[in-house]
């Protein structure tokens, strides 16, 4: 039961990070077009990453929530770095 709760907290952390990233991108880019399919994919992927992050620190639910958030943030930043490298070469 503890692992399930940790996974749920990680999932919620991942969803929170996806929503923060979405709102930040909408504010910075000011694009009028909303891609619902991309947003749903991001929510699902962030939630799954959050589950794994939450399971890694299943001893504390607050840490599970933060692990879900941070795990998604880590993946997003790695993607941004790889995109910048592609533009350089």
Requested in this report: Using only Cα atoms, tell me the angle between helix 61-88 and the longest principal axis of the chain; keep it within 0 to 90° and round to the nearest 10.
Outcome: 30 degrees
Requested in this report: Rounded to the nearest 10 degrees, what's the angle between the helix 2-29 long axis and the longest principal axis of the chain, both from Cα atoms, 0 to 90?
Outcome: 20 degrees
Report summary line: Kirkwood calc, region 2-88, C-alpha pairs only, radius in angstrom 13.2 Å
Query raised in the report: Between region 64-89 and region 6-28, what is the C-alpha centre distance in whole Å?
Result: 13 Å
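Residue 56 to residue 19: FRET efficiency via 1/(1 + (r/R0)^6), r the Cβ-Cβ distance, R0 25 Å, to the nearest 0.05?
Given R0 = 25 Å and the Cβ-Cβ separation, E is 0.70.
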Report task. Over the chain, calculate the relative contact order: mean separation of alpha carbon pairs under 8 Å at least 6 apart, over the residue count, as a percent. Result -> 43 percent
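Read the figures in this text as sums done on the coordinates, not as results from a lab. On a predicted model such as this, the values are computed, not experimentally measured, just so you know. All Cβ positions, glycine included, derive from the backbone under ideal geometry; neighbour counts span all protein chains shown.
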